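Undergrad: Attaching a single structure in structure tokens format; questions to follow.
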Amino acid sequence: MKARKQKAIAIVLGGGKGTRLYPLTMDRAKPAVPFAGKYRLVDIPISNCINSGIRQIYILTQFNSASLHNHIANTYIFDTFSSGFVEILAAEQTNETNTWYQGTADAVRKNLKHFHDQNADYYIILSGDQLYRMDIQEMLDRHISSGAELTIAAKPISREHATGLGIIGCDEDGIINKFYEKPAIDLDISDYKVSESFMLASLNKKVDSSNEYLASMGIYVFNAKTMEEVLNNDKTDFGKEIIPGVIHDRKVATFLFDGFWEDIGTIKAFYETNLDLASINPQFNFYDEEMPIYTHRRHLPATKVNFCNVSSSLASEGSIITNAYIVNSIIGVRTLIESGASLDGVYCMGASYYETEEEKQANTRKGIPNIGIGKGSIIRKAIIDQNARIGDGCRIGIDDIPRQEGDYAMYSIHDGIIVINKNAIIKNGSVL
């Protein structure tokens, strides 16, 4: 009899309320936040799984999941001859529990009964708010060959960057023997330095000040039996509670990853990571035909550019840009930019639909701007969410005026970045 092939399923942690990304998460789940002009954050881990041959994927979420459901349902449709699926598991009340997910580990624990249906040998835990490209199958192979019960993906970093991350200590074979969560900058953690032999064997690189420590990426491969055993308690978080205990009690390996990796869970990180994609030499390469990033097919026309000055920018399909100055910016799908507008350091998420001429005329009579960027508006260092209406002659982020951090009726200011809310109406001549 032919032996059963070992099976792995992926579990993407969608996060909670996404307060660090507010107001982008005001009425959508964090994985559904538009990214890079035409994608959603959740497309990154799903694409990594598909490119690695892992096609049974669960997304765990609990807040504002309607737009996420729509995106998943319209994008990831596998043929009937495949056993692949991408399924959302939102928090639910059952006879056993009536509470929300209390943390990453609790979210996985409450869905174990759903995972059991797949009879998997390995569970792959992924984050829904990171930008990276990884061959997850390679990590799974490392896990199996090491004989470990858990493998943690780790990024080599400098001591300077170690303060905000969980730091892994391992032996020359990559077996983890200690873990420290966010060590203070003045704390001596020299005994956590990675060995030269392990670095050479894993990445064919020598150890120097830029890569002498290993940071947990929050990406895990568990033996199925092990994960169910370590979740048989009331601990709620993987990074703070579950992982330290597993390292102490069981064999845990590390998998070194040396590509681009960025946690984009804050407004500042989200803004900077997006704009870097439009630079001349971006740190992350979307132009990789071997491992593409997938998203929803919209069947939109190519972007039309009329008499514009555009530099170091990305323009997604379906946009119409007329007589505008655009630099260091990202233009999302269906964005309409009128004559004389100027954008510098702006991520404009675009629109989810086109307005008809009748709708435009009706809005004009009411004094409501059309969706998009109005004539002569000047915008700097801003995120403009979907379907926002920026009127004519607006000045956003331009004038040297006091700007108090916080959330307002139509916009927010976080880390000095102005975020225009989804569906916001910014009247003609507004100054923000």
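Undergrad: According to the square roots a ≥ b ≥ c of the eigenvalues of the Cα gyration tensor, what is the shape class of region 126-244, taking rounded for a/c under 1.5, prolate for a/b larger than b/c otherwise, and oblate for the remainder?
TA: Numbers: a/c = 1.67, a/b = 1.25, b/c = 1.33.
Judged from the Cα gyration tensor, region 126-244 comes out oblate (a/c at least 1.5, b/c at or above a/b).
Undergrad: Please enumerate, by chain and number, the lysines with C-alpha under 25 Å from the C-alpha of Lys7, excluding those fewer than 8 residues away in the same chain.
TA: Cross-link targets: Lys110, Lys113, Lys225, Lys251.
Undergrad: Still on this structure, please answer the following. Among the lysines, which have Cα under 21 Å from the Cα of Lys427 when same-chain residues fewer than 8 positions away are ignored?
TA: In chain and number order, the partners are Lys360, Lys366, Lys375, Lys381.
Undergrad: Between Cys170 and residues 5 or more places away or on another chain, which pairs have amide H atoms under 5 Å apart, with H built 1.01 Å from N, and which residues are they?
TA: Asn177
Undergrad: Counting DSSP beta bridges with both partners in region 304-426, what percentage is antiparallel, nearest 5?
TA: Looking only at bridges with both residues in region 304-426, the antiparallel portion is about 15 percent.
Undergrad: Could you work out, for region 159-227, what percent of all Cα-Cα pairs fall into each 5 Å distance bin, beginning at 0 Å and stopping at the bin that holds the largest distance?
TA: Going from the shortest bin to the longest, the percentages are 3, 16, 25, 25, 17, 8, 4, 1.
Undergrad: Quick one: Karplus J couplings for region 125-135, per residue in order, coefficients 6.51, -1.76, 1.60, θ = phi - 60°, nearest Hz, x for Gly and Pro?
TA: For region 125-135, the Karplus curve yields 9, 10, 9, x, 9, 10, 10, 6, 10, 9, 7 Hz.
Undergrad: Follow-up. Under the rule that an exposed site lies in a DSSP loop and has at most 12 other Cβ atoms within 10 Å, name the longest stretch of the chain with no trypsin sites (Lys or Arg not before Pro) of that kind, not counting the sites themselves.
TA: Longest gap between qualifying sites, sites excluded: 6-205.
Undergrad: At what distance in angstrom do the alpha carbon centres of region 248-317 and region 25-104 lie from each other?
TA: The two parts, judged by their Cα centres, are 19 Å apart.
Undergrad: Return the percentage of antiparallel bridges among DSSP beta bridges fully within region 8-276, rounded to the nearest 5 %. Intermediate values should be presented prior to the final figure.
TA: Numbers: 24 of 45 bridges.
Expressed as a percentage, antiparallel bridges in region 8-276 total about 55.
Undergrad: Only sites in a loop by DSSP and with at most 13 other Cβ atoms within 10 Å count here; which GluC sites (Glu not before Pro) in region 151-247 make the cut?
TA: Qualifying residues, ordered by number: Glu172.
Undergrad: List the chymotrypsin sites (Phe, Trp or Tyr not before Pro) within region 1-84 that DSSP assigns to loop and that have no more than 15 neighbouring Cβ atoms inside 10 Å.
TA: Phe78, Phe81
Undergrad: Right, here's the next one. What shape does region 279-432 have by the C-alpha gyration tensor, where a ≥ b ≥ c are the square roots of the eigenvalues, rounded means a/c under 1.5, and otherwise prolate means a/b greater than b/c and oblate the rest?
TA: The shape class here is oblate.
Undergrad: On full extension of the chain, what length is gained from Glu359 through Asp27, given 0.36 nm per residue of separation minus the C-alpha to C-alpha distance?
TA: On the way: separation 332, 0.36 × 332 = 119.52 nm, distance 2.40 nm.
Full extension from Glu359 to Asp27 adds 117.1 nm.
Here, each number is a calculation from the coordinates, and none is a lab measurement. Predicted model, so just to flag it, every value in this text is computed and none were measured. Note: ideal-geometry Cβ built from the backbone for every residue, glycine included; neighbour counts use all protein chains shown.
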